[in-house]
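These notes concern the structure reproduced below.
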Amino acid sequence: MQLAMIFRVAIRAIMRNKTRSLLTCLGIIVGIAAVIAVMAIGQGAKTMMVKEISSMGNNLLMVFPERRKQGTVSGGMGQGQTMTAGDAEAVKRELGHLVQGVSPQVRTSVQMVYAAKNWSGNVQGVSTDILFISNWNVAEGRFFTEDEESRSSRVCVIGTTVQKNLFDGEDPVGKTIRLKNMPFKVLGVLASKGANNWGQDQDDVIMAPYTSVQRYLQRSKFNNINMMNLSLVTMDNLDEAKRELAALLRQRHHLADYQDDDFETRDTTEIMNTIGSVTNLMTVLLTAVAAISLLVGGIGIMNIMLVSVTERIKEIGLRMSIGATPGNILMQFLLEAVTLSTVGGAVGVIVGVAGAQAIGAVKGWPILIETAPTVAAFLFSSVVGMFFGFYPAYRASKLNPIDCLRYE
């Protein structure tokens, strides 16, 4: 029998029982659709997270003072008292070949008041470099200057959330708001960034010169800062920058060789690697669950093909009696199994892509459908049919034609 004829016979056998063939394909359809949908959602989420973390800053490196401890309880990063604005100035002066921007940062929670409206939020005391470091823009007005920073001027720029809650459509530029009963002039409005990966509203913020926040809002007699933001010239020099930064800060803090660092560093590479590991793990776990559906679908194909062999024993004997070889019988039943799984795989791809896009549209999640995994999933469906269909096909090819013709 020619291959084309064998294929036509296999297709005719499949179409003879349409409902059973559809139910046989169902396991493959569900498995392939689940794999594609899970991978599309997982890759989309990973891409979104990487994009949002990258938007945190240009080659960002964050330095925190040591954790403050009370007995056996350790406070959060940035709660220590070991870092000053002088450290930031020294970094900018001494490490200019590695660092292109430095901003000390202090923060405090305040009650903001304008006219009859008030809003509770955070004030970040920063330097003029923060816009470049954080990859942030001013949408209206302007940012404060180095002169205003050095003079501890009571000026600020506000986020869009603060603008909406305090000014309600009124132009805030040039207006005066009260922070802890201290008047601050609004110079501009920051461009909106939205929520970050942790659900925090990045626009619910006021930025002011760190010198002004220390003097008027914190009323601190010290020059301590909560953290230092650095923008490296290139992330290729990250390790070198960390080494030279550590050496400079240890020298300034008079730490002996046996003493541990009294500061900690964090960079976006660490965060992205952590998030990438988590999302990859979740994708692998969910894909494994989806793969179980493929296994169940494959077992379903094998069961149905065994039933089909039993039902068609006389047909097999008749074909063998008129010249069909065991190889022809093997090929016929194997083609039936592969055709069922391949059609199921094709439908599963369509359902998976449509399902992923529908979920993304309803939930507002990013969806990234990559060609290579989709093609691989489709080809895998054919492999499943070949693997699970081989035993029924082999069993059919080994039947004795005389016994088949006598079978009732």
Based on the mean of other beta carbon atoms within 10 Å per residue, what is the order of 381-389, 83-91, most packed first? 381-389, 83-91
Taking the Cα atoms only, what angle lies between the long axis of helix 238-252 and the longest principal axis of the chain, rounded to 10 degrees? 30 degrees
Which order do the peptides 299-305, 102-108, 231-237 take when ranked by the mean count of other beta-carbon atoms within 10 Å per residue, highest first? 102-108, 299-305, 231-237
Between Glu264, Glu311, Glu146, find the one with the highest GNM mean-square fluctuation for the chain; connect C-alpha pairs within less than 10 Å. Glu311
Taking amide hydrogens as modeled 1.01 Å from N in the peptide plane, which residues meet the under 5 Å criterion relative to Arg107, leaving out close sequence neighbours? Gly125, Asn226
Using θ = phi - 60° and the Karplus form 6.51 cos²θ - 1.76 cosθ + 1.60, what ³J(HN,Hα) does each residue of the range 163-173 get, whole Hz, x for Gly and Pro? 4, 5, 7, 9, 10, 6, x, 7, 5, x, 5
Residues with amide H under 5 Å from that of Lys193, placed H, sequence gap 5 or more: Asp203
Selected from Asn328, Phe387, Ile41, residue furthest toward positive end of dipole (the chain; charges at beta carbon): Asn328
Under 5 Å between amide H atoms, partner at least 5 residues away or on a different chain: which partners does Gly141 have, H built in plane at 1.01 Å? Val189
Relative contact order %, the range 170-265, counting alpha carbon pairs below 8 Å whose residues are six or more apart: 13 percent
Classified through the alpha carbon gyration tensor (a ≥ b ≥ c as square roots of its eigenvalues; rounded if a/c is under 1.5, else prolate when a/b is larger than b/c, else oblate), the range 83-261 comes out prolate
Given the candidates Leu187, Ser150, Leu306, the one whose Cα lies deepest towards the positive end of the charge dipole of the chain, counting +1 at each Lys or Arg C-beta and -1 at each Asp or Glu C-beta, is Leu306
In debye, nearest 20: dipole of the range 83-261 around its Cα centre with unit charges on the Cβ of K, R (+) and D, E (-)? 840 debye
Net charge near Gln332 (other residues with Cβ under 12 Å of its Cβ; Lys, Arg +1; Asp, Glu -1) is +2
Taking the chain and counting helices only, DSSP H stretches of n ≥ 4 at -39,500 (n - 2.57) each over all residues, the nearest-500 ellipticity at 222 nm comes to -18000 deg cm²/dmol
With +1 on the Cβ of every Lys and Arg and -1 on the Cβ of every Asp and Glu, and nothing else charged, how large is the dipole of the chain about its Cα centre, in debye rounded to the nearest 20? 1380 debye
Can you give the convex hull volume per residue for the Cα atoms of the chain, as a whole number of Å³? 226 Å³
Return one number: the angle in degrees, 0 to 90 and rounded to the nearest 10, between the long axis of the Cα atoms of helix 268-311 and the longest principal axis of the Cα atoms of the chain. 10 degrees
Relative packing of peptides 111-117, 223-229, 42-48, 333-339 - highest average C-beta neighbours within 10 Å first: 333-339, 223-229, 42-48, 111-117
Between Thr234 and Arg151, 0.36 nm times their residue separation minus their Cα-Cα distance comes to what? 26.7 nm
Of Asn224, Thr274, Leu238, whose Cα points farthest to the positive end of the dipole of the chain (charges on the beta-carbon: +1 Lys, Arg; -1 Asp, Glu; origin at the Cα centre)? Thr274
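No lab work stands behind these numbers, since they all come straight from the coordinates. All of these numbers come straight from a predicted model, not from anything done at the bench. Methodologically, a virtual Cβ is constructed for each residue, glycine included, from the backbone with ideal geometry; neighbour enumeration extends over all protein chains shown.
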